[in-house]
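Each reported figure results from applying straightforward, stated rules to the coordinates on display, with no laboratory input. As the structure is a prediction and not an experimental result, all values here were calculated from the model. Glycine gets a Cβ as well: all are built from the backbone with ideal geometry, and neighbour counts include every protein chain shown.
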C-alpha cells in the first residue's frame, strides 16, 4: 500500500504498510474500476469509481506520474459520491488519479491509478462546451447521464416495514439535457450493486436540464421480514434505461428489531 505523508501543502507517496484502525479491524478493500476521462471534456476531468464492500466515504488523490509522485488530495473532506470533477486540471498535462474508500472507521489502501486529461484540440467546434460521452461503437448515440451527488434519509434507524424518506441530490454536468433517466432504489448488504440486492422502487424521470442540479424526494417501503443490522439504500440512475451505463449512490441505514 502507499503511505501518504504531508509536506508543504502536498502529499507524497511512499511504499509502506500502515496500521489502519485497531489491529482487529477489517481494513476495507480499495474502490474498484476507477476511470478518469481522457480528453472528453475541455473544462474538467471526470473521475468515477465503484464501491467495494461497505465503503461509503471516499478521498480522491491526483499525482503527476503513475507511481504516485507529488500526490495531492483533491477532496477537501470525505465525500459519499463515487465521482469527482477536477476543474483544477490544466490543458496539455496528464494526471494520474487514485481513490481511498472508508467504512467510517478505517480507510482502504489507494486504488490503482488511472490517467486523465483535458481535451487538447482547441480546433474542435464544441471546444467551449461540454458534450456527452460517445459510445465506442461506430455511429452509436451519445450518452448523457445524471450523477448522484448525495443520498440522505430522514432518520438513520428503521424497523422492517417502515417507510424510508430519501433526499437524492443529482447533477447533470453536461451541456445537453438528459431526456429520460430511470431511477431504481435497492436494499443491499453492502455498497456494491449486484444481483443479491432487493429492488424497492422503480420509476422514470424525463427532461432533466443541462448543467442542472436537483434534489429528488422519494419514499420507499422497507421489506419485511428483515434481520436487524446495517444495510445500504442504493440509488441507481440509468440513462435512457441503459443499465450498463448506470450511475449509483448510497446511504447507510440501520434496521432494528423494535
For this session: Neighbouring Cβ atoms within 10 Å as the yardstick, rank 243, 255, 185 fewest first.
Result: 243, 255, 185
Problem set entry | Cβ-based exposure ranking for 251, 181, 55, in which fewest neighbours within 10 Å come first | 251, 181, 55
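Could you give the length gained on full extension between residue 165 and residue 70, defined as 0.36 nm per residue of separation minus the Cα-Cα distance, in nm? Working shown, then result.
On the way: separation 95, 0.36 × 95 = 34.20 nm, distance 4.29 nm.
Additional length available on full extension: 29.9 nm.
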For this session: For a footprinting-style exposure proxy, rank 193, 49 by other Cβ within 10 Å, fewest first.
Result: 193, 49
Exercise. So for the stretch 186-231, Kirkwood radius off the Cα pairs, Stokes-Einstein at 4 °C and 1.567 mPa s: how many µm² s⁻¹?
Worked result: 96 µm²/s
Exercise. Working out 0.36 nm times the residue gap between residue 246 and residue 217, then minus their Cα-Cα distance, what length gain in nm do you get to one decimal?
Worked result: 8.5 nm
Problem set entry | Convex hull volume per residue in cubic angstrom - Cα atoms of the stretch 142-255 | 86 Å³
